[in-house]
1. Right, residue 464: crowded, with 20+ Cβ neighbours inside 10 Å and among the hydroxyl-bearing types (Ser, Thr, Tyr) or not?
2. Looking at 154, 169, which one is touching a strand residue (DSSP E or B) at 6+ places or on another chain (Cβ under 7 Å) and at pLDDT below 95?
3. Determine whether the stretch 232-244 contains at least one residue that is more than 16 Å from the ligand (Cβ to nearest atom), of a type in the set (S, T, N, Q), over 27 Å from residue 488 (Cα atoms) and in a helix (DSSP H, G or I).
4. Restricting attention to the stretch 320-355, which residues are touching a residue at least 60 places away in the same chain (Cβ under 8 Å), under 22 Å from residue 556 (Cα atoms) and either in contact with a Gly (Cβ under 6 Å, 6 or more places away or on another chain) or among the charged types (D, E, K, R) (or both)?
5. Would you mention how many residues in the stretch 90-122 are surrounded by 14 or more Cβ atoms within 10 Å (Cβ to Cβ) and more than 16 Å from residue 140 (Cα to Cα)?
6. With the structure loaded, tell me whether residue 401 is within 13 Å of the ligand (Cβ to nearest atom) and assigned to a strand (DSSP E or B) or whether it fails that test.
7. Would you mind stating whether residue 157 is closer than 30 Å to residue 111 by Cα, away from the ligand (no atom under 16 Å from the Cβ) and out of contact with any Asp or Glu (no Cβ under 9 Å at 6 or more places or on another chain)?
8. Does residue 342 satisfy being in contact with a Leu (Cβ under 8 Å, 6 or more places away or on another chain) and more than 30 Å from residue 287 (Cβ to Cβ)?
Amino acid sequence: MRLTPVFSLTIFLLLITGPLGADDGYRLWLRYDEIADSPLRKSYAKALPRVFREGDSPQLCAAEEELLLGLSGLLGHGVESTAAAPAKGLILGVLGRSTSLDGLLSAEEQASLPDGGYALIGQGKQFYIAGKDDRGALYGAFAFLRYLQRGRPLDDLHLLDGPRVKNRLLNHWDNLDGTVERGYAGFSIWNWHQLPHYLDPRYTDYARANASIGINGAVVTNVNAKAIVFRRDYLQKAAALAEVFRPYGIRIYLTARFSAPIELGGLPTADPEDAAVKKWWQDKASEIYALIPDFGGFVVKANSEGQPGPREYGRTHAQGANLLADALAPHGGIVMWRAFVYSNEEPVDRAKQAYDEFVPLDGKFRDNVMVQVKNGPIDFQPREPVHPLFGSMPHTPLAMEFQITKEYLGQGTHLVGLGKMYEEVLQTDTYAEGPGTRVADIIDGSAYGDDRLTAMAGVANIGTARNWTGNLFGQADWYTFGRLAWNPTGKAEDYFREWSQMTFPNSPTVQETAQNLLAVSHEACVNYMTPLGLHHIMGPDHHYGPGPWIKDMPRADWTSVYYHKADAEGVGFDRTKTGSDALEQYTSRFAARYESPDSCPPAFLLWYHHLPWDHKLPSGNTLWAELCYSYHAGATKVGEMLKNWKSLSGRLDQERYESVRMHLEIQEKEAKWWRDACLAYFQSFSGMPVPAELEKPTHSLEYYEGLTFPYAPGIKAKW
Ligand code: BDP
């Protein structure tokens, strides 16, 4: 038989895209492919499931739609939507706030569910997804699908869950021109130019993905804000996005530029105590809420890195925040005021400045203000101690700000399971309200026992890359962040498992390897970049690659030498009483562990101490030798990670396999580059030999210092 061209093309495509063919990763963890041997398939392969919902809200409709999509994919055959509850057969009910849950849950169980909470109840072949409210039903639908995707048994299903944190936000550092500050996955997914008329289907998939992990707010503009976003045409664009997000329970937020009343309103001042300025913000808030009734509020970066703020008028951060809070309060909006402030003029250790500025303001903020604090006192370094503000402002709700985009952890290419880092921070005991006051307890408010505002924000790693995050494993960081925002006391490894089971559903071997990569990679990255408490030694501006030699920058605290203070005697930043005394900002129980180099955990040694190169560590090694071993351990680990991934060849689709392999090859090279450049640099001070059994740096220090990256993402145009 002669094949027509159309036929032969079809056969060719089938051959190359068979089960192990192409997969671009666009579907994230919401794949819904048929899973061989799942309990669902075994018990219900031939049953026609019928889905009904009680209630008509957009969230309930979205929940039902997702169930229809997910179930038909996972079962491999049709699913029916029915108007009323059928009496028998495989039934899935989606129950929202208008349905009584009396027959399904005890009174105590019902009372235990927080807003946004849900219950999954199985009664034979009938399953109920019951929300405390309609948003809860939506979360329940995604949780049920997650359950099925992971092949979990369905017998006697009785599961209750709810968010411990009220506001779970992504912060997009996206500019209105489509670029993304510290973005490594392409351009911004928000097409401001074509909004509000063109609604990219990606907006809906973005909202679905976020809802599936419980994210309920999206700050769509950069913290380095532009006033123009408050111009009416831009507000209409934002309103169009808000409409897409609404069925998925996501509120939109905007970043507010403090000088907007001058730049947009034509006022002579932005002084928070000026009557015309107050009126301008009140009118602006009313205009926004007329367009976006469920608008979330403002995120503000003020008097930080050149951004305008209340300090210009001799006012405090509280006065600035309260100005905006008063404008939003009648509409139910909140202000997330960032504590990432440090001043060039202050001779004080940068790690201490936010605390000095904010602690005196505790209790002076309006009820609808949260102070948003980065996890550590400097700036999203591979490892930092927790920020001293956590636990130090008991009368002010504090929001956690994590970075999901990997500005300082290998950017677009390195596989680094950030969940481990988030967990380390959240599990840290501050002793603030007595022993056992973990950062997680401060963030979810349980440390204070009141019903305060709570929030966790993650700086998004999403862009126009087909797989959203560029590096496939960046999806796991997004996923884990969302799950930990829902439950900050959760364990990263549980979420790694969930993610890998849903991302690689048909291969336990791939799942195991992926989980292991996520579990070991953060420690590896810290070792090959900044072991033993080193920090802020990366390249300038773009923050790409090693740059411990950086010393000429517009501000001292943008250099590397400010932070490592290496000289012929030793290395490290003395933050004890003999130095900057940053430790004094923590509770004495917390500080006690770090005060002496003998009790200080090695992971934070050079963060708190300046020590001689030949200082003896508990391991028996000198500080210099330990530094060498740590850098080598980090780079060696990446070699193992690459080898383990390569062992999966043929076990998953070629496209995702290759994309991870290529990124890991880059990571392996760059880990060695970090190791060699840093050791060559520090050796120029220590004058000590690299231990004989370790490889020596491949090139001279001059070689590493001479490398330039004119087009690395994030560089300010100079070339
Ligand atoms: C730093 C980034 C800078 C951000 C700043 C911030 O390098 O681009 O604007 O944080 O958080 O990490 O405001």
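1. Working: crowded, with 20+ Cβ neighbours inside 10 Å: no; among the hydroxyl-bearing types (Ser, Thr, Tyr): yes.
No; evaluated as a whole, the condition is false for this residue.
2. Numbers: 169 fails: at pLDDT below 95.
Checking each option against the conditions leaves just 154.
3. If we filter the stretch 232-244 for residues that are more than 16 Å from the ligand (Cβ to nearest atom), which is where we start, we get 232-244.
When the remaining residues are screened for being of a type in the set (S, T, N, Q), the result is 236.
Imposing the further condition that a residue be over 27 Å from residue 488 (Cα atoms) reduces the set to 236.
Within this subset, residues satisfying the condition of being in a helix (DSSP H, G or I) are 236.
Looking through the stretch 232-244, at least one residue is more than 16 Å from the ligand (Cβ to nearest atom), of a type in the set (S, T, N, Q), over 27 Å from residue 488 (Cα atoms) and in a helix (DSSP H, G or I).
4. 349, 350, 352
5. Number satisfying all stated conditions: 1.
6. On the way: within 13 Å of the ligand (Cβ to nearest atom): yes; assigned to a strand (DSSP E or B): yes.
For residue 401, the condition - within 13 Å of the ligand (Cβ to nearest atom) and assigned to a strand (DSSP E or B) - is met.
7. On the way: closer than 30 Å to residue 111 by Cα: yes; away from the ligand (no atom under 16 Å from the Cβ): yes; out of contact with any Asp or Glu (no Cβ under 9 Å at 6 or more places or on another chain): yes.
For residue 157, the condition - closer than 30 Å to residue 111 by Cα, away from the ligand (no atom under 16 Å from the Cβ) and out of contact with any Asp or Glu (no Cβ under 9 Å at 6 or more places or on another chain) - is met.
8. Numbers: in contact with a Leu (Cβ under 8 Å, 6 or more places away or on another chain): no; more than 30 Å from residue 287 (Cβ to Cβ): yes.
So residue 342 fails the test.
The values are calculated or read from the model by the stated rules, or taken from the named source; none is laboratory data. Computed from a prediction, not measured in an experiment: that's the story for all the values here. Please note: Cβ atoms are built from the backbone with ideal geometry, for glycine as well, and neighbour counts cover all protein chains shown.
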